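Chemist: Sharing a structure with you now.
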Amino acid sequence: MMKKWWHDKVAYQIYPKSFLDSNEDGIGDLRGIIGKLDYLKELGVDIIWLSPVYQSPFVDQGYDISDYYAIAPEFGTMEDFDELLAEAKKRGMYIIMDLVINHCSDKHEWFQKALADPEGKYADYFYFRKGKDGKAPSNYRSYFGGSTWEPVPGTDQYYLHMFAKEQPDLNWENPELKRELFDMVNWWLEKGVDGFRLDVINYISKEEGLPYGNESVGKMMGYVGIEHYFYGSHLHDYLRELRCKAFDTTDAFSVGETPGVGMQMARLLTGEDRHELDMIFSFDHLETPGHTRFDDYRYDLNYLKQYYTEWMEGYGSGCWMSLFFENHDNPRMISKINEDPEYRFAIGKLLGMIQFTLRGTPFIYQGQELGAINGSFTDISQIQDVESRNLYEEFCRTIGEEEALRRILAGTRDHARLMMDWQEVCRQKNDRESIYYFYKKLIALRKKYPALVYGEVRIVHKEKKNFFAWFRELGNEAFYVECNLSEKQRKRPPRPEGFCPLLSNYSRIGSRMQPYEACLYRFKKEAAVCGEGSAKAPEGR
Ligand code: GLC
């Protein structure tokens with residue numbers, strides 16, 4: 001695959017609202033981010049992905065944009081943003097923005113004008129449809145509960161919203177809307193941003209006529225109507241157009257958020273010859289099959305092994321993966337795997353080991369480098385997120401309050417949106433055995449050895465349950481990684497000859513593997529120097 005500037009980089013997602021509050025108004029802000037650029041640089045971060053910072057009524061925490069050209073006053077000013085860009089550049093860092101163009105806010109002037117003049121040009125920027133026999137035009141189910149159709153008061157019209165009713169979907173069939181969106185993307189690129197994360201980008205092409213959704217498909221996939229928009233027939237054309245008319249002008253980087261897209265579709269979206277997206281976020285590994293985010297269950301890491309084995313072997317050499325476990329929409333991974341505090345740091349380090357030594361670009365979500373865990377919410381009044389609140393109402397009607405609360409607390413996005421713990425950062429920076437240091441070392445190793453970025457991945461011992469191991473190989477360089485995926489000790493399979501320990505989450509590498517142990521080894525010709533089986537890990541934990 002042709003080398004790209006973002007292949008050997010490490011990305012870090014910032015959720016501005018809860019990163020750092022510099023003016024003590026209770027909300028994180030751009031100046032807070034500027035003040036922490038050195039922290040991120042020191043950790044080894046190259047690319048910062050900013051969740052939306054545009055003007056917004058914040059019904060969906062900024063994923064409802066009311067002005068694509070303005071910074072939300074809650075976060076600061078355009079001058080602050082420009083300073084952030086300049087300060088990032090000074091440090092050789094890159095800024096990517098969140099691009100929310102499947103929908104906007106109902107307070108955006110386009111939607112306001114559409115409401116004011118249903119015959120005017122802006123009405124066609126959205127999906128307005130007549131109801132059928134006093135009911136919604138179709139049976140699509142919204143991601144945030146209820147129907148995707150909201151009646152327009154005083155008319156027989158409804159408008160489409162896949163998410164909250166305050167987030168009307170944009171009609172990509174309309175060439176003028178597309179032109180306005182491309183102009184806006186170019187405006188930000190000219191300003192100097194280095195790329196975009198594209199919010200639910202695989203939903204932008206809806207099937208003509210928005211036909212009724214098949215109820216059984218909806219049951220299987222969780223949302224009625226999904227087959228008519230989650231991978232629409234014009235998706236590839238739209239993405240190519242966006243690429244040609246915007247991203248290509250500055251070699252900008254693009255990563256698409258594409259829920260529900262499996263590996264084969266991902267290949268079509270990201271293949272280097274396809275000219276569409278550089279990478280995607282696929283979410284199939286965030287829950288084990290048969291479970292949803294709102295199930296209170298224990299995540300089995302054997303599934304993660306199966307998932308990565310499939311993608312590492314099947315995605316193809318012309319595609320490049322994003323490697324991530326967390327974002328602002330999901331509970332913390334450590335909490336999903338095992339809530340016993342005894343294992344918190346071992347699991348955090350194990351996840352880091354997987355994320356930084358497989359093939360792809362790692363994305364850290366703020367706080368992950370400290371081993372952040374879920375919040376200890378006990379009541380619905382503590383939950384702010386619109387999705388959780390809407391679904392709670394819906395669940396209460398079907399399964400009762402107690403069970404509704406249990407489900408919401410298992411899956412609420414607020415777990416990931418708690419304020420970043422800067423005191424914990426200080427503590428971990430002073431502790432050489434902290435998860436922060438482990439991440440820092442992993443990132444440094446990834447930067448030092450090209451085999452950890454570009455090397456072939458060869459997964460071994462596939463049949464062994466609770467054990468995940470692979471080689472990374474490039475020219476004369478080779479690395480070996482072995483992980484115990486469970487809290488039980490296990491016998492360590494023989495270490496391949498010539499490989500010496502480089503980094504481990506335990507201080508000794510004995511004949512038995514410790515709970516969630518993860519070790520990285522490097523091939524050395526003079527292997528005898530590191531002895532057999534129980535060598536001491538030279539770089540400690
Ligand atoms: C994406 C965002 C999520 C948001 C939704 C609607 O999934 O990550 O936070 O609520 O899109 O914009």
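The values are calculated or read from the model by the stated rules, or taken from the named source; none is laboratory data. Bear in mind that the values here come from a model prediction, so they are computed numbers and not experimental data. Glycine gets a Cβ as well: all are built from the backbone with ideal geometry, and neighbour counts include every protein chain shown.
Chemist: What are the residues in segment 400-417 that are within 16 Å of the ligand (Cβ to nearest atom), out of contact with any His (no Cβ under 8 Å at 6 or more places or on another chain) and not charged (D, E, K, R), if any? First the steps, then the outcome.
Modeler: Initial filter on segment 400-417 (within 16 Å of the ligand (Cβ to nearest atom)): 408, 411-417.
Imposing the further condition that a residue be out of contact with any His (no Cβ under 8 Å at 6 or more places or on another chain) reduces the set to 408, 411-412, 414-415.
Those that are within 16 Å of the ligand (Cβ to nearest atom), out of contact with any His (no Cβ under 8 Å at 6 or more places or on another chain) and not charged (D, E, K, R): Ile408, Gly411, Thr412, His415.
This table checks each residue for (1) under 21 Å from Ala444 (Cβ atoms); (2) within 16 Å of the ligand (Cβ to nearest atom).
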{"residue": "Lys349", "(1), (2)": "yes, no"}
{"residue": "Gln355", "(1), (2)": "yes, no"}
{"residue": "Ser376", "(1), (2)": "no, no"}
{"residue": "Gln384", "(1), (2)": "no, yes"}
{"residue": "Leu391", "(1), (2)": "no, yes"}
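Chemist: How many of the residues making up segment 166-195 are basic (Lys, Arg), farther than 26 Å from Glu79 by Cα and surrounded by fewer than 19 Cβ atoms within 10 Å (Cβ to Cβ)? Before the answer, list the steps.
Modeler: Going residue by residue through segment 166-195, those that are basic (Lys, Arg) are 178-179, 191.
Next, only the ones that are farther than 26 Å from Glu79 by Cα stay: 178-179.
Cutting the leftovers down to surrounded by fewer than 19 Cβ atoms within 10 Å (Cβ to Cβ) gives us 179.
The qualifying residues number 1.
Per-residue answers, yes or no, for (1) of a type in the set (Lys, Arg); (2) within 24 Å of Phe247 (Cα to Cα); (3) at pLDDT 95 or above; (4) over 21 Å from the mean Cα position of the chain (by Cα):
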site	(1), (2), (3), (4)
Ile27	no, no, yes, yes
Gly32	no, no, yes, yes
Leu37	no, no, yes, no
Glu42	no, no, yes, yes
Pro73	no, no, yes, yes
Lys90	yes, yes, yes, yes
Asp106	no, no, yes, yes
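Residues checked against (1) touching a helix residue (DSSP H, G or I) at 6+ places or on another chain (Cβ under 8 Å); (2) under 30 Å from Ala451 (Cβ atoms); (3) assigned to a strand (DSSP E or B); (4) more than 16 Å from the ligand (Cβ to nearest atom):
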{"position": "Asp8", "(1), (2), (3), (4)": "yes, yes, no, yes"}
{"position": "Lys17", "(1), (2), (3), (4)": "yes, no, no, no"}
{"position": "Ile27", "(1), (2), (3), (4)": "yes, no, no, yes"}
{"position": "Ile34", "(1), (2), (3), (4)": "yes, no, no, yes"}
{"position": "Trp49", "(1), (2), (3), (4)": "no, yes, yes, no"}
{"position": "Leu85", "(1), (2), (3), (4)": "yes, no, no, yes"}
{"position": "Lys89", "(1), (2), (3), (4)": "no, yes, no, yes"}
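Chemist: Same structure again: Considering each residue of segment 37-69, count those that are surrounded by fewer than 19 Cβ atoms within 10 Å (Cβ to Cβ) and within 15 Å of Phe111 (Cα to Cα), and give that number.
Modeler: Total meeting the criteria: 2.
Chemist: Out of segment 153-192, which residues are over 24 Å from Pro259 (Cβ atoms) and among the aliphatic types (A, V, I, L, M)?
Modeler: If the condition is that a residue be over 24 Å from Pro259 (Cβ atoms) and among the aliphatic types (A, V, I, L, M), then Leu189 is the only one that fits.
Chemist: Tally up the residues in segment 408-433 that are farther than 24 Å from Phe58 by Cα and within 24 Å of the chain's Cα centre (by Cα), please.
Modeler: Restricting attention to segment 408-433, the residues satisfying the condition of being farther than 24 Å from Phe58 by Cα are 422-433.
Retained after the next criterion (residues that are within 24 Å of the chain's Cα centre (by Cα)): 422, 424-425.
Summing the residues that are farther than 24 Å from Phe58 by Cα and within 24 Å of the chain's Cα centre (by Cα) in segment 408-433 gives 3.
Quick grid of which residues meet (1) outside any helix (DSSP H, G or I); (2) in contact with a Cys (Cβ under 8 Å, 6 or more places away or on another chain); (3) free of Cβ contacts under 8 Å to residues at least 60 places away in the same chain:
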residue	(1), (2), (3)
Pro289	yes, no, yes
Lys305	no, no, no
Thr309	no, no, no
Ser317	yes, no, no
Glu326	yes, no, no
Ile364	yes, no, no
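Chemist: Can you pull out the residues in segment 101-160 that are buried (at least 17 other Cβ atoms within 10 Å of the Cβ), in a helix (DSSP H, G or I) and either without any contact (Cβ under 8 Å) to a residue 12 or more places away in the chain or within 16 Å of the ligand (Cβ to nearest atom) (or both)?
Modeler: Selection gives Phe111, Ala123.
Chemist: Shifting gears a bit: Do we have any residue at all in segment 63-75 that's part of a loop (DSSP other than H, G, I, E, B), more than 16 Å from the ligand (Cβ to nearest atom), within 27 Å of Arg389 (Cβ to Cβ) and of a type in the set (D, E, K, R)?
Modeler: yes
Chemist: If you go through segment 52-62 one residue at a time, do you hit one that is out of contact with any His (no Cβ under 8 Å at 6 or more places or on another chain) and in a helix (DSSP H, G or I)?
Modeler: no
Chemist: If you don't mind, another one. How many residues are assigned to a loop (DSSP other than H, G, I, E, B) and more than 17 Å from Asn202 (Cβ to Cβ) if we restrict to segment 162-180? Let's see the steps before the verdict.
Modeler: The initial filter retains those residues of segment 162-180 that are assigned to a loop (DSSP other than H, G, I, E, B), namely 162-168, 171-174.
Filter once more, keeping what is more than 17 Å from Asn202 (Cβ to Cβ): 164-166, 168, 174.
Number of matching residues: 5.
Chemist: Can you pull out the residues in segment 207-263 that are surrounded by fewer than 21 Cβ atoms within 10 Å (Cβ to Cβ), in contact (Cβ under 8 Å) with a residue 24 or more places away in the chain and at positive phi?
Modeler: If the condition is that a residue be surrounded by fewer than 21 Cβ atoms within 10 Å (Cβ to Cβ), in contact (Cβ under 8 Å) with a residue 24 or more places away in the chain and at positive phi, then Leu210, Gly222, Asp251, Gly260 are the ones that fit.
Chemist: Taking the criterion of being within 16 Å of the ligand (Cβ to nearest atom), closer than 22 Å to Asn327 by Cα and either among the aromatic types (Phe, Trp, Tyr) or surrounded by 16 or more Cβ atoms within 10 Å (Cβ to Cβ) (or both), would at least one residue in segment 418-436 satisfy it?
Modeler: Here is the first cut: in segment 418-436, the residues within 16 Å of the ligand (Cβ to nearest atom) are 418.
Still in the list and also closer than 22 Å to Asn327 by Cα: 418.
From what's left, either among the aromatic types (Phe, Trp, Tyr) or surrounded by 16 or more Cβ atoms within 10 Å (Cβ to Cβ) (or both): 418.
So far as segment 418-436 goes, yes, one or more of its residues are within 16 Å of the ligand (Cβ to nearest atom), closer than 22 Å to Asn327 by Cα and either among the aromatic types (Phe, Trp, Tyr) or surrounded by 16 or more Cβ atoms within 10 Å (Cβ to Cβ) (or both).
Chemist: While we're here: For the structure I just gave you, tell me whether Phe294 is part of a strand (DSSP E or B) and within 16 Å of the ligand (Cβ to nearest atom). Steps first, answer last, please.
Modeler: Values: part of a strand (DSSP E or B): no; within 16 Å of the ligand (Cβ to nearest atom): yes.
Spelling it out, it is not the case that Phe294 is part of a strand (DSSP E or B) and within 16 Å of the ligand (Cβ to nearest atom).
Chemist: Given the structure, is Ser22 of a type outside the set (D, E, K, R) and within 16 Å of the ligand (Cβ to nearest atom)?
Modeler: On the way: of a type outside the set (D, E, K, R): yes; within 16 Å of the ligand (Cβ to nearest atom): no.
No: the conditions fail for Ser22.
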